[in-house]
Amino acid sequence: MNIVVCIKQVPDTNEVKLDPKTGTLIREGVPSIINPDDKAGLEAALRLKDSMGAKVSVLSMGPPQADVALREALAMGADEAILITDRAFGGADTWATSSTLASAVKKLPFDLIITGRQAIDGDTAQVGPQIAEHLHLPNISYAEEIKVEGDSIIVKRQYEDRYHIIKAKMPCLITALAELNEPRYMTPMGIWDAYHEKEVKIWTLEDLDVDRANIGLKGSPTRVWKSFTKPLKAAGTVVNTDVQDSVEFLMDSLRSKFVL
Amino acid sequence: MNIQDYKGVFVFAQQEDNKLAGVSLELVGKAKELAKDLGTEVTAVVLGSGIEDMAKKLGRYGADNVILADDPGLKVYMTEPYAHVLTQVIEAKKPEIVLYGATAIGRDLAPRVSARVHTGLTADCTGLEVDPETKNLRMTRPAFGGNIMATIICPEFRPQMATVRPGVMQRIHPAAESSAKVEHYKVELPQESFNVEVLDIVKKVSDRMDIQDAKILVSGGRGMGCPENFQLLEDLAAAFGNGATVSSSRACVDAGWVEKDRQVGQTGKTVRPNLYIACGISGAIQHLAGMEDSDLIIAINKDEYAPIFEVADYGVVGDVTKILPAFTEQVKRAIAEKNES
């Protein structure tokens, strides 16, 4: 079985802080990580490899620094890593990103494509289903559990107040939730191999059969018109006193706002 | 593509078990505003089976037109049959805007449709407005976990599509009668559309109030210390009575202390109750994104530098396990007094 996993390198947004004076993002010292949903997708692929044998290929589109994320995937046990990088791909929205990734996936043999549900920097949850659309494949989003049965995959698909058990014939695409599993750590041997024995292949525009009108900023239907930080609300009243006075303060606040 | 050919604001009015999702009514309300600015009409599109009586409700909440795509094959949500029918409706009717709820269905369906009709899609919007000059839709959404906001436009493709988080837009006060024109859309689903099989549907039964419907939320975070201490929150919510319930930050859901349906924030639900009481919640930006529009925010936290105090109207620095029981007693007493007088 051939599994293609798409991962994204993201800044750890839990570590991103706002400069209270300027209201701008402090990006310095913010670590880059494999997006958590994608990492769960990679782990799911590696578990299928462990249990039934599979070749796991990992794709990432991004700047040259995304090499680190792909080496981590190799060190976790992926068989092959490909970095899709070219200035021409820059500024892509989800439409252009998915069309680029779909053209890269097409070059590989695959039975199953796994992406994360969404990336923590953009939170769109669009690229997975859009890749499936470009490849005319069924997709199952929000996978909480997966298992393979013959030539089909069976997925526990999360909704707000329910789940569906969905069966799809492969090839198909699923989007993984971080809840799917606890990703393994890299092993020291894995890390050694990832940097000394294995390689991260580089694919640029020339390697892909993709229409130039469908990539990068030019191929993106959406544009960022402006970005801004939210104006901070005026700070309220905070007290630091004993329990009795604190409760008195809370009761007064509720009365003054007519809640009580 | 001739952009001038695209007219009207469409809403994908999601239903499950033949019950309209709350966000559908919120979207119709917002669509009405946008349609007014554009001088056009609002059309709600419902896909399902036996959905006839939803048209009236959508009409009362602001839809000028309702399109019903009624077919047994659309009874249970599946990506491809829904994408197929909605794409057909879009291609036939050429709307300039299509809105979806940013739900587990909308966030699966909308990207598929956007890729198929080749147009842009902006996810999880918290603000929508019409540019007064260009008439383009300005779609504002949080990025980087809510650290920054971005306004997105889709100037050269139609329809302009967006998903909107439930609880963000407000539904309008419903009219007594619906005057919406209802169209029964002829559904033809090719057999290939059924490319997955739903083997089982398991509903999580919860007899508790949806946190998005609550007037008062007593919300707990990691600072509650242990799951047992959530009883203190239950007690306070019970003291407030009807309309109050308990919610939580992500940390407590991840730790398994509370159910996922209680979670407020970027990866949980957006809430805007009359009163939000944050107990032992530090106030990560992802949490604030889900509750900062509450009318009144009270925070209790032992760390005086916790960011929650930056959005709180009233804050108390202290130990939640000591303050909450005393606070609950006082609330009980105040309500009892009010009932007597």
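The values are calculated or read from the model by the stated rules, or taken from the named source; none is laboratory data. From a predicted model like this one, the values you see are computed outputs, not experimental measurements. Note that we place each Cβ from the backbone using ideal geometry, even for glycine, and neighbour counts take in every protein chain shown. For the accessible areas, the whole protein counts, side chains as well, though only heavy atoms, and no ligand, DNA or RNA atoms are used. Shrake-Rupley method; radii C 1.70, N 1.55, O 1.52, S 1.80 Å.
Without any contact (Cβ under 8 Å) to a residue 12 or more places away in the chain and over 25 Å from the mean Cα position of the chain (by Cα): is that true of B:LEU199 in this structure?
yes
Within the range A:104-113, is even one residue modelled with pLDDT of 95 or more, more than 23 Å from B:GLN266 (Cα to Cα), assigned to a helix (DSSP H, G or I) and more than 7 Å from chain B (Cβ to nearest Cβ)?
Yes; the residues of the range A:104-113 include at least one that is modelled with pLDDT of 95 or more, more than 23 Å from B:GLN266 (Cα to Cα), assigned to a helix (DSSP H, G or I) and more than 7 Å from chain B (Cβ to nearest Cβ).
Exactly one of these conditions fails for A:ASP67: (1) buried (at least 24 other Cβ atoms within 10 Å of the Cβ); (2) assigned to a helix (DSSP H, G or I); (3) touching a residue at least 60 places away in the same chain (Cβ under 8 Å). Give me its number.
Unmet condition: (1).
Listed residues B:PHE230, B:PHE240; which is surrounded by fewer than 22 Cβ atoms within 10 Å (Cβ to Cβ) and out of contact with any Asp or Glu (no Cβ under 8 Å at 6 or more places or on another chain)? Even if it seems obvious, please write down each step before you answer.
Working: B:PHE240 fails: surrounded by fewer than 22 Cβ atoms within 10 Å (Cβ to Cβ).
Exactly one residue qualifies, and that residue is B:PHE230.
Hey, A:LYS226 hits all of (1) surrounded by 13 or more Cβ atoms within 10 Å (Cβ to Cβ); (2) closer than 30 Å to B:PRO307 by Cβ but one; which does it fall short on?
The single condition A:LYS226 does not satisfy is (1).
Residues that are open to solvent by 40 Å² or more (accessible area, probe 1.4 Å) and more than 9 Å from every other protein chain (Cβ to nearest Cβ): which helices (runs of 4 or more DSSP H) entirely in the range B:262-341 hold 1 or more of them?
By residue number, B:320-340.
Look through B:THR119, B:THR134 and report the one residue that is touching a strand residue (DSSP E or B) at 6+ places or on another chain (Cβ under 7 Å), surrounded by fewer than 24 Cβ atoms within 10 Å (Cβ to Cβ) and free of Cβ contacts under 8 Å to residues at least 60 places away in the same chain.
Answer to the check: B:THR119.
Just checking, does the range B:34-42 include any residue being open to solvent by 50 Å² or more (accessible area, probe 1.4 Å), outside any helix (DSSP H, G or I) and out of contact with any Gly (no Cβ under 9 Å at 6 or more places or on another chain)?
Looking for residues that are open to solvent by 50 Å² or more (accessible area, probe 1.4 Å), outside any helix (DSSP H, G or I) and out of contact with any Gly (no Cβ under 9 Å at 6 or more places or on another chain), one finds at least one in the range B:34-42, hence yes.
Any idea which of (1) at pLDDT below 95; (2) touching an Asp or Glu at 6+ places or on another chain (Cβ under 7 Å) is the one B:ILE297 doesn't satisfy?
(1)
Only one of A:SER220, A:SER246 is buried (at least 16 other Cβ atoms within 10 Å of the Cβ), of a type in the set (Gly, Ala, Ser) and more than 7 Å from chain B (Cβ to nearest Cβ). Can you tell me which?
Result: A:SER220 is the single residue among A:SER220, A:SER246 that is buried (at least 16 other Cβ atoms within 10 Å of the Cβ), of a type in the set (Gly, Ala, Ser) and more than 7 Å from chain B (Cβ to nearest Cβ).
Can you tell me how many residues within the range A:120-139 are facing chain B (nearest Cβ under 7 Å) and assigned to a loop (DSSP other than H, G, I, E, B)?
Qualifying residue count for the region: 8.
Give the residue that is nearest to B:MET149 (Cα to Cα), with candidates limited to residues of the range A:140-158 that are within 8 Å of chain B (Cβ to nearest Cβ) and open to solvent by 10 Å² or more (accessible area, probe 1.4 Å).
Looking at the filtered set, the residue picked out is A:TYR142.
For B:VAL85, only one of the following conditions fails: (1) among the hydrophobic types (A, V, I, L, M, F, W, C); (2) within 24 Å of B:SER178 (Cα to Cα); (3) not in a loop (DSSP other than H, G, I, E, B). What is its number?
Here B:VAL85 meets the rest and fails (2).
B:ARG222 passes all but one of (1) of a type in the set (D, E, K, R); (2) under 24 Å from the mean Cα position of the chain (by Cα); (3) crowded, with 16+ Cβ neighbours inside 10 Å; which number fails?
(2)
For (1) aromatic (Phe, Trp, Tyr); (2) over 22 Å from B:GLY22 (Cβ atoms), each residue gets a yes or a no:
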residue: B:LEU236; (1), (2): no, yes
residue: B:GLY241; (1), (2): no, yes
residue: B:SER249; (1), (2): no, yes
residue: B:LYS269; (1), (2): no, no
residue: B:ILE277; (1), (2): no, yes
residue: B:GLY290; (1), (2): no, no
residue: B:ILE297; (1), (2): no, yes
residue: B:PHE309; (1), (2): yes, yes
residue: B:GLY318; (1), (2): no, yes
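Given the range B:97-169, what strands (runs of 3 or more DSSP E) lie entirely inside it while holding 2 or more residues that are over 16 Å from A:GLN130 (Cβ atoms) and more than 8 Å from chain A (Cβ to nearest Cβ)?
Strands (runs of 3 or more DSSP E) meeting the threshold: B:97-101, B:127-130, B:137-143, B:160-164.
Name the single residue, out of those in the range A:1-32 being modelled with pLDDT of 95 or more and aliphatic (A, V, I, L, M), that is farthest from A:ALA176 (Cα to Cα). Talk me through it step by step, then tell me what you get.
Looking only at the range A:1-32, we keep the residues that are modelled with pLDDT of 95 or more, and these are A:1-9.
From the residues that got through so far, the ones that are aliphatic (A, V, I, L, M) too are A:1, A:3-5, A:7.
Working: A:MET1: 18, A:ILE3: 14, A:VAL4: 13, A:VAL5: 10, A:ILE7: 11 Å.
Looking at residues that are modelled with pLDDT of 95 or more and aliphatic (A, V, I, L, M), I get A:MET1.
Just to verify a result, which residue in the range B:189-212, among those that are assigned to a helix (DSSP H, G or I) and out of contact with any Pro (no Cβ under 9 Å at 6 or more places or on another chain), is surrounded by the fewest Cβ atoms within 10 Å (Cβ to Cβ)?
B:GLN191
Name, by its number, the condition in (1) open to solvent by 40 Å² or more (accessible area, probe 1.4 Å); (2) out of contact with any Ser or Thr (no Cβ under 8 Å at 6 or more places or on another chain); (3) in a loop (DSSP other than H, G, I, E, B); (4) touching a residue at least 24 places away in the same chain (Cβ under 8 Å) that does not hold for B:LYS186.
Unmet condition: (4).
Residue under question is B:ILE153, and the condition is that it be open to solvent by 20 Å² or more (accessible area, probe 1.4 Å) and without any contact (Cβ under 8 Å) to a residue 24 or more places away in the chain; does it hold?
Working: open to solvent by 20 Å² or more (accessible area, probe 1.4 Å): yes; without any contact (Cβ under 8 Å) to a residue 24 or more places away in the chain: yes.
The answer is yes for B:ILE153.
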